[in-house]
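Structure first, commentary second.
The values are calculated or read from the model by the stated rules, or taken from the named source; none is laboratory data. Owing to the predicted nature of the structure, the values given are computational and were not obtained by experimental measurement. Quick reminder, even Gly has a Cβ in these numbers, built from the backbone with ideal geometry, and neighbours come from all protein chains shown. Heads up: the accessible areas ignore ligands, DNA and RNA and are worked out on the full protein's heavy atoms, side chains in. Shrake-Rupley method; radii C 1.70, N 1.55, O 1.52, S 1.80 Å.
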There are 2 protein chains.
Amino acid sequence: MAKRVTLAEVAAQAGVSPITVSRALRRPDTVQPETRARIDAAVTALGYVPDPAARALATGRSDVIGVLIPSATNAVFTDVLSGIYDRLAESRFDVQYGITRYDPGTEESLLGVFLRQRPAGLIVAGIDQTAAARRLLDRAGCPVVQVMEIGADPVDMMVGFSHHDAAAAATRHLIAQGYRRPGFLGARMDPRTRRRFAGFRAEAEAAGIFDADRCETTETPSNVGMGAALLRGLLERRPDTDAVFCNNDDLALGALFEAMRLGRAVPGDLGICGFNDLEMMRAAEPPITSVRTNRFEMGARAAEMIRARLEGKDPGPALVDLGSEVQARRSTEGPS
Amino acid sequence: MAKRVTLAEVAAQAGVSPITVSRALRRPDTVQPETRARIDAAVTALGYVPDPAARALATGRSDVIGVLIPSATNAVFTDVLSGIYDRLAESRFDVQYGITRYDPGTEESLLGVFLRQRPAGLIVAGIDQTAAARRLLDRAGCPVVQVMEIGADPVDMMVGFSHHDAAAAATRHLIAQGYRRPGFLGARMDPRTRRRFAGFRAEAEAAGIFDADRCETTETPSNVGMGAALLRGLLERRPDTDAVFCNNDDLALGALFEAMRLGRAVPGDLGICGFNDLEMMRAAEPPITSVRTNRFEMGARAAEMIRARLEGKDPGPALVDLGSEVQARRSTEGPS
DNA sequence: TTGTAAGCGTTATCAG
DNA sequence: CTGATAACGCTTACAA
């Protein structure tokens with residue numbers, strides 16, 4: 001374990017005082033080019049790297065950008081992470097993640113953990129923080145971006161889309177394709193899922209074809225097997241259901257497999273629409289209609305907005321709607 | 001932004017010196033129960049939380065446990081992360097992730113980033129570090145666990161399984177089921193993939209049925225669509241192939257869909273075996289045979305081993321083989 | 001069992 | 001443009 005090279009040693013080597021080295025490193029234009037050159041030489045010669053802890057202690061600010069997401073295994077969030085990471089990888093900032101497990105209380109306490117590090121910025125998923133968490137965010141004293149969703153009353157900045165509208169668009173698509181007895185498959189039923197359900201319901205009601213008995217939901221987490229189980233339950237109760245809007249792509253895939261098992265032709269006997277448009281939707285047989293959401297981009301924009309603020313640049317509008325788009329495929333080509 | 005409550009303030013409130021508070025917090029048994037009670041009261045009254053930066057500066061050690069993985073979107077690694085997180089969530093340690101993007105150079109430089117924070121521990125995926133990275137790990141001065149794989153010459157501790165043997169077992173399964181012209185589908189071809197291929201090859205050669213022309217691989221990342229493309233390519237060249245061992249479950253799923261499109265019955269015309277045993281394998285139609293690897297457990301064990309070392313407990317054996325297990329399902333029931 | 005003194009590596013402040 | 005001085009909040013000696 002080689003001992004750390006300090007600012008003082010660099011200073012000695014360059015024949016200047018430590019504070020000058022510090023300045024040369026942080027704001028090169030504030031020191032004479034000639035001394036700066038000597039310092040740079042010393043830095044590389046000695047292999048100096050700053051100590052983040054000492055910096056944090058002296059400035060009362062860390063270079064940590066905290067990210068709070070519900071799950072580290074759900075592709076929806078990992079895509080957002082990739083976007084964040086992409087824009088922060090080459091910067092001086094370190095990303096630190098916290099997993100809330102969809103629990104507002106955990107989110108609240110993780111927020112506390114982050115805040116005590118005086119983060120440079122904060123990215124949180126969603127807009128459903130507890131009142132206490134909201135207060136913490138309001139006083140965070142750093143740029144905050146809420147991602148995944150947009151809504152009224154942002155803490156600071158926001159980048160996402162309307163889950164309600166996205167689901168409504170998918171539902172309109174099903175109706176436009178000729179399906180008249182559509183059902184809804186949903187799992188976990190977290191706030192975003194509920195808003196998607198609301199979008200489905202609103203559109204179905206507008207068309208006069210909403211039927212609460214065609215809505216099969218569960219509080220347990222969603223996966224492919226659950227999609228199959230939900231579809232089976234739905235069809236047992238309402239065998240004449242002719243399409244399903246699935247709350248996510250895992251459910252949709254499970255529904256497809258279950259339809260195969262039941263001998264229901266897709267899309268003729270049953271239309272299937274997913275949500276998120278994971279890559280596998282396109283590769284399935286038949287390819288499955290889904291709603292594309294710009295997850296990577298959401299993370300990337302969030303990171304950019306924080307960086308802009310931190311670096312004194314223009315972060316652009318505080319509220320960014322990245323929208324969504326129905327990707328129509330064969331699985332919803334219409335009833336036969 | 002409420003100003004920070006310091007140790008000194010707590011000390012004042014409790015009528016003791018700062019160092020006593022520090023001790024009471026870190027090793028409660030070294031202070032008189034009575035003073036400890038006064039201190040605890042003061043801590044809660046003031047809402048004191050320690051400053052990690054100050055602690056790190058004073059001790060030359062942070063509470064960060066660094067985790068290096070190739071990808072944040074691949075379910076294989078996110079499951080490991082979940083395991084790590086599960087065992088560290090309630091501890092004093094903070095997890096910090098770095099994504100290498102399967103690039104040894106990136107891994108090397110991220111290691112540098114972590115090391116300058118003097119991490120409490122390090123978890124790295126795989127055993128294929130560069131020589132320079134290896135040197136850094138050897139001198140890390142903290143517990144190090146290599147996960148996902150086991151091999152000779154561990155840096156410190158290791159928890160994983162043999163990818164070669166796991167693939168060999170899957171291949172034996174295919175042969176035992178009666179398949180005689182098995183092929184291999186592989187993407188990305190990172191070191192772990194190559195070792196799996198070697199396992200397939202060894203077993204196929206032992207049975208005298210290895211055919212290099214039945215091995216369809218690509219350097220590009222794997223996904224479901226790629227599984228379909230690879231299978232198509234393979235069958236064009238070798239239409240009589242009767243089974244495929246897929247390097248991972250995404251490829252297997254894509255192969256299944258492509259088989260449907262081509263009108264090849266699974267398992268009668270084509271046996272399909274995946275790798276990792278993601279949940280969807282069980283839910284597919286037909287259910288797809290795969291190799292179960294204990295990813296969550298790998299992460300959990302790695303975290304436990306580091307904690308044990310850090311807390312002076314017995315970490316158990318330094319090399320843990322969590323094995324793997326072929327989950328036989330209908331997709332490999334045998335040729336018709 | 002508790003306290004004193006000193007310092008961890010950096011930066012803010014104010015002089016020069 | 002550069003430097004001396006004093007923090008930042010905590011912990012490791014060592015002493016009492």
| task | Take the solvent-accessible surface of the protein heavy atoms, probe 1.4 Å, and return the percent of it on the stretch A:184-284 that carbon and sulfur atoms account for. | result | 48 percent
| message | I want to check the label-to-label distance for B:ALA131 and A:ASP138. Put each point 7 Å from Cα in the C-beta direction and report it in nm to one decimal. | response | 6.0 nm
| Quick one: buried accessible area between B and A, total over both chains, 1.4 angstrom probe, nearest 100 Å²? | 4100 Å²
| query | When Lys and Arg each count +1 and Asp and Glu each count -1, what net charge do the other residues less than 12 Å away from B:ARG196, Cβ to Cβ, add up to? | reply | +1
| message | Run through the stretch A:227-336 and list the trypsin sites (Lys or Arg not before Pro) located in a DSSP loop whose Cβ has at most 12 other Cβ atoms within 10 Å. | response | A:LYS313
| task | Could you state the accessible area per residue of chain B in Å², with a 1.4 Å probe and every protein chain left in place? | result | 40 Å²
| Applying 1/(1 + (r/R0)^6) with R0 = 60 Å to the Cβ-Cβ distance of B:ARG282 and A:THR59, what FRET efficiency is obtained, to the nearest 0.05? | 0.70
| request: Please average, across the residues of A:48-59, the number of beta carbons from any other chain that are within 10 Å of each residue's own beta carbon, and give a whole number. | output: 5
| note | Length gained if B:THR218 through B:ARG292 is fully extended, taking 0.36 nm per residue and subtracting the Cα-Cα distance, is 24.3 nm
| request: Pick out, from A:ALA14, A:ILE69, A:ALA125, the residue whose Cα sits farthest towards the positive end of the charge dipole of chain A, with +1 on the Cβ of Lys and Arg and -1 on the Cβ of Asp and Glu. | output: A:ALA14
| remark: Each label sits 7 Å from Cα toward the beta-carbon; between B:VAL49 and A:ARG238 the label points are separated, in nm, by 4.6 nm
| request: Mind giving me the nanometre distance, one decimal, between the label points for A:LEU262 and A:ALA12, set 7 Å out from Cα along Cα→Cβ? | output: 7.8 nm
| message | Would any residue of the stretch B:122-145 have its amide N under 16 Å from a label point 7 Å out along Cα→Cβ of B:ASP190? List them or say none. | response | B:123-130
| query | Over chain A, what is the mean sequence separation of C-alpha contacts under 8 Å (at least six apart), divided by residue count, expressed as relative contact order in percent? | reply | 16 percent
| Over the protein assembly as shown: helical MRE at 222 nm, DSSP H runs n ≥ 4 each giving -39500 (n - 2.57), nearest 500 | -14000 deg cm²/dmol
| request: With the full set of protein chains in place, find how many percent of the accessible area of the stretch A:7-50 is carbon and sulfur; take the probe as 1.4 Å. | output: 54 percent
| Taking the Cα centre of the stretch A:112-204 as origin and charging only Cβ (+1 Lys, Arg; -1 Asp, Glu), how large is the dipole, in debye to the nearest 20? | 300 debye
| Applying the Karplus parametrisation 6.51 cos²θ - 1.76 cosθ + 1.60 with θ = phi - 60° to the phi angles of the stretch B:230-247, what ³J(HN,Hα) value in whole Hz is obtained for each residue in order, glycine and proline being reported as x? | 5, 5, 4, x, 4, 6, 5, 7, 9, x, 8, 4, 10, 6, 9, 9, 9, 4
| Given H placed 1.01 Å from N in the peptide plane, which residues other than close sequence neighbours of B:VAL64 have an amide H under 5 Å from its amide H? | B:ASP94, B:ALA120
| query | Across peptide A:134-144, how many C-beta atoms of other chains are within 10 Å of each residue C-beta, on average? | reply | 1
| Under the Karplus relation 6.51 cos²θ - 1.76 cosθ + 1.60, θ = phi - 60°, what is the ordered set of whole-Hz ³J(HN,Hα) values for the stretch B:257-271, x standing for Gly and Pro? | 4, 5, 4, 4, 4, 7, x, 8, 6, 10, x, x, 8, 8, x
| field | In range of the label at A:THR106: residues from the stretch A:116-140 whose backbone nitrogen is under 14 Å from the point 7 Å along Cα→Cβ | value | A:125
